[in-house]
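Below is one structure, written out as structure tokens; the observations come after it.
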Amino acid sequence: MLDRTVHIVFATNFSDACHSAIPAVARWVDQLGCRLTILHVYDSRRGLYRDARSRLESFFAEADNYPNCDRLLLDGDPAQEIASFCENMRDTLLLLPPSDQSGLPRPWHRSLRAKLIEQLPIPVWTLGRTLVGEPIPAGAKHLAALVSSPEEGTSHLRYGARYAAATNAILHLIHVIPNVDEGSLTHPLRSAGPLGEEYAEAWMQDITASLESAPKIDLHMEQGPVRRLLPQLFERTGADMLLVSRQAACEPQLLRGPVVNPIFRRLSAGILSVPLTPEVASQTKLGALNPGFVRAS
């Protein structure tokens with residue numbers, strides 16, 4: 001997570017979203033004093049090396065003032081080259097903004113972000129919805145994390161708690177309780193998550209009690225459709241970044257493979273996907289509510 005990050009890899013294709021991400025990158029490098037690598041992958045069959053190099057050198061020119069900043073130009077398939085560069089790294093954060101601003105579905109498009117989120121053992125930061133010329137909201141003292149289901153683990157929550165403690169920020173836990181209707185009959189087949197407000201509140205309280213490192217935790221819960229309620233709950237937190245599990249970050253699509261969860265297109269914020277680090281849970285109320293729950297460090 002950010003409090004342990006010693007290296008930020010900023011993968012750019014020079015899109016508007018990449019330019020929108022520059023203030024966030026600058027803030028993290030200033031705060032953490034970490035090494036920064038600005039990475040671009042080009043296709044030598046379609047463009048010249050000197051043109052790609054020129055664009056890379058001119059992108060985020062202010063970064064050259066940092067004592068530990070490198071610019072790396074690679075030739076090949078972006079997914080393969082970025083994965084090869086990052087796969088053996090630890091304490092590294094990969095920044096991977098989207099390639100377009102529209103947020104509209106693109107038929108047959110295969111998501112580079114989703115592929116790398118699922119493949120790499122490091123956190124991956126991306127953007128939800130951004131508009132040309134619109135800065136990313138600054139909410140340095142507020143950090144939000146999405147609690148989706150017991151199966152996703154709590155790695156992202158514990159990472160968030162440590163970062164909140166290091167920056168004296170408030171950690172906001174968001175959970176949308178599923179509606180109870182005829183479709184709820186299949187819910188236990190898909191998830192051990194609790195149904196009903198009373199059980200969900202007990203579950204969230206137990207998670208909160210397990211995050212000892214966070215100085216202050218606020219809970220945000222409502223029952224209803226997640227596509228409508230998640231943007232509303234997130235806006236109330238005042239945060240500029242939402243932590244999610246790898247499971248919540250991506251969803252499978254027939255023929256196209258995994259894609260970044262479309263719900264995040266509704267959020268004007270950074271989305272940080274944290275990989276699972278499993279650890280057997282002790283017997284707590286959470287374990288009693290969800291016997292199959294795996295707690296992660």
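The values are calculated or read from the model by the stated rules, or taken from the named source; none is laboratory data. Every value quoted in this text rests on a predicted model; they were computed, and no experiment measured them. Neighbour counts run over all protein chains shown; Cβ positions are idealised from the backbone, glycine included.
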>> Of everything in region 1-41, what is more than 17 Å from residue 97 (Cβ to Cβ) and either in a strand (DSSP E or B) or small (Gly, Ala, Ser) (or both)? Give them in sequence order.
In response: 7, 33, 35
> Within the bounds of region 221-239, is there any residue that is crowded, with 19+ Cβ neighbours inside 10 Å, of a type outside the set (Lys, Arg) and modelled with pLDDT under 90?
Replying inline: no
> How about region 242-259: which of its residues are touching a strand residue (DSSP E or B) at 6+ places or on another chain (Cβ under 9 Å) and either modelled with pLDDT under 90 or not assigned by TED's automatic domain parsing to the domain that holds residue 219 (or both)?
Replying inline: 251, 252, 253, 258, 259
>> Here's a check for you: in region 49-68, which residue that is in contact with a strand residue (DSSP E or B) (Cβ under 9 Å, 6 or more places away or on another chain) and of a type in the set (A, V, I, L, M) is farthest from residue 8 (Cα to Cα)?
In response: 52
>> Regarding region 23-31, can at least one residue be identified that is exposed (fewer than 14 other Cβ atoms within 10 Å of the Cβ), within 17 Å of residue 93 (Cβ to Cβ), within 18 Å of the chain's Cα centre (by Cα) and not polar (S, T, N, Q)?
In response: yes
>> Please go through region 69-100 and give me each residue that is polar (S, T, N, Q), touching a residue at least 12 places away in the same chain (Cβ under 8 Å) and either assigned to a strand (DSSP E or B) or over 20 Å from residue 14 (Cβ atoms) (or both), ordered by number.
In response: 92
> Does any residue in region 195-221 that is outside the structural domain of residue 239 (by TED's automatic domain parsing) and under 11 Å from residue 161 (Cα atoms) come within less than 6 Å, Cβ to Cβ, of a residue that is among the charged types (D, E, K, R) and surrounded by 17 or more Cβ atoms within 10 Å (Cβ to Cβ) six or more places away or on a different chain, and which pairs are these?
Replying inline: none
